[in-house]
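Student: Below are the structure tokens for one structure; questions will follow.
The values are calculated or read from the model by the stated rules, or taken from the named source; none is laboratory data. No experiment lies behind these values; they were computed from the predicted model shown. For neighbour counting, all protein chains shown are included, and Cβ atoms are generated from backbone atoms with ideal geometry for every residue, glycine included. All accessible areas refer to the heavy atoms of the entire protein, side chains included, with ligands and DNA or RNA removed. Shrake-Rupley method; radii C 1.70, N 1.55, O 1.52, S 1.80 Å.
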Amino acid sequence: MTNILISQELNSEEIKQKAEAITVKIEADDTAVSGVIIGKEGNTYTVLTNAHVINSQVSHKIITIDGTSHEAKVIKEGSSLEGNDLAILTFNSPNNYQVATLATNSDIQENQRVYSVGFPEETDEFYFTQGNFKLQAPKPFLGGYQIGYDIDVKPGMSGGALLNEKGELIGVNGLRKAPILNEAYNYLDGSQPYQEQIENYRKLSFAVPIETLMEVDPDLALIPDEWKTGLNIAENVDNIAQQITVRIDNKDGVNGSGAIVGKDGDTYYVFTACHVVSDDDCQSGEVKDNYTLVTPDGEEYPLSENDIILPKGMDAAIIKFESEKAYKVATIGNYNVTAHRNKKALLKSTTSNIN
């Protein structure tokens with residue numbers, strides 16, 4: 001199943017059917033919470049839920065609409081998603097399950113109808129309820145909560161979907177009405193709302209907006225291209241650049257940068273300038289120092305002479321490093337192929353899998 005944009009509004013029964021199909025139960029030890037299927041690639045499904053309901057120290061099972069239990073793998077949660085109360089899990093199945101449609105435009109007006117779903121602890125059964133959107137906090141609270149609505153979210157519904165009138169996913173349940181401590185409404189940037197604002201907030205449940213997932217993990221293949229078009233082009237380019245750019249340090253500190261341009265198994269290839277890792281004239285083809293490559297996530301990889309390939313007389317170099325981690329690989333453009341044939345030949349001769 002792929003993400004399909006729905007332009008017309010659905011009636012509540014249609015939304016309920018769709019909501020039940022995309023909602024899963026997540027079990028760990030003696031607890032059960034909710035999640036929503038947001039992507040599929042091959043036989044691998046991706047599930048979004050709250051970080052606060054996930055315990056990475058124990059195993060989790062995902063129960064789908066047909067009652068089938070699947071072994072779950074926790075991919076990211078909390079700190080790896082910039083402190084937002086979100087978690088990503090995956091499970092494998094040859095069965096076809098419906099995938100949530102992500103809202104391409106989650107702008108929503110006060111009192112517009114919204115739908116909240118999940119598996120409350122009190123019944124352990126799928127629960128579907130409706131209410132109204134009331135406000136969007138001017139800044140995200142701790143955990144990334146920002147969408148306020150007048151539905152009583154019950155224990156166990158954390159991680160379940162918040163849907164709009166088209167049945168599109170606009171947020172993830174997680175912050176229930178009237179928490180014990182008002183600190184729940186402290187803003188993510190460390191500031192605090194006025195007391196009058198807090199009193200209004202306590203009357204509402206809050207969800208983490210689906211846009212937050214795009215902001216903290218824009219490389220998720222499951223995010224449809226139609227949804228990404230809402231991003232400013234400069235922001236999109238900046239997001240990609242940050243993921244493919246590495247730092248190259250010498251013994252004195254920062255020396256230059258490079259771009260990840262290829263991968264073969266666990267071997268990555270980085271394209272950089274010769275003078276970053278050699279003498280300024282780049283005539284000798286010799287490595288002049290001990291270097292360390294620093295990836296976008298801050299990991300350091302010491303480089304030996306055998307890891308650096310320097311063609312004589314050209315201000316270009318290829319660096320190899322080994323890692324089991326998944327780093328984004330740049331897409332190589334094909335402009336002015338004739339004029340740049342020598343550079344393409346260099347890449348072809350030194351890497352076996354340029355993407």
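Student: State whether one or more residues within the range 174-197 are closer than 13 Å to residue 117 by Cα and buried (at least 18 other Cβ atoms within 10 Å of the Cβ).
Tutor: Yes: the range 174-197 contains one or more residues that are closer than 13 Å to residue 117 by Cα and buried (at least 18 other Cβ atoms within 10 Å of the Cβ).
Student: Moving on. Can you pull out the residues in the range 291-322 that are part of a loop (DSSP other than H, G, I, E, B), exposed (fewer than 15 other Cβ atoms within 10 Å of the Cβ), at pLDDT 85 or above and of a type outside the set (Asp, Glu)?
Tutor: 298, 304
Matching residues to (1) touching a His at 6+ places or on another chain (Cβ under 8 Å); (2) over 17 Å from residue 145 (Cβ atoms); (3) modelled with pLDDT of 95 or more; (4) aromatic (Phe, Trp, Tyr):
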| position | (1), (2), (3), (4) |
| --- | --- |
| 32 | no, yes, no, no |
| 46 | no, yes, no, no |
| 57 | no, yes, no, no |
| 64 | yes, yes, yes, no |
| 74 | yes, yes, no, no |
| 83 | no, no, no, no |
| 91 | yes, yes, yes, yes |
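Student: Take residue 288 and tell me if it is open to solvent by 60 Å² or more (accessible area, probe 1.4 Å) and either at pLDDT 90 or above or not in a loop (DSSP other than H, G, I, E, B) (or both).
Tutor: Taking the combined requirement at face value, the residue does not satisfy it.
Student: Also, quick follow-up: Being touching a Lys or Arg at 6+ places or on another chain (Cβ under 6 Å) and either of a type in the set (Gly, Ala, Ser) or not in a helix (DSSP H, G or I) (or both) narrows it down to one residue among 178, 184, 207; which is it?
Tutor: Going through 178, 184, 207 in turn, just one is touching a Lys or Arg at 6+ places or on another chain (Cβ under 6 Å) and either of a type in the set (Gly, Ala, Ser) or not in a helix (DSSP H, G or I) (or both): 178.
Student: On to the next question. Among the residues of the range 127-169, count how many are touching a residue at least 24 places away in the same chain (Cβ under 8 Å), open to solvent by less than 40 Å² (accessible area, probe 1.4 Å) and closer than 13 Å to residue 23 by Cβ.
Tutor: Counting residues in the range 127-169 that are touching a residue at least 24 places away in the same chain (Cβ under 8 Å), open to solvent by less than 40 Å² (accessible area, probe 1.4 Å) and closer than 13 Å to residue 23 by Cβ gives 10.
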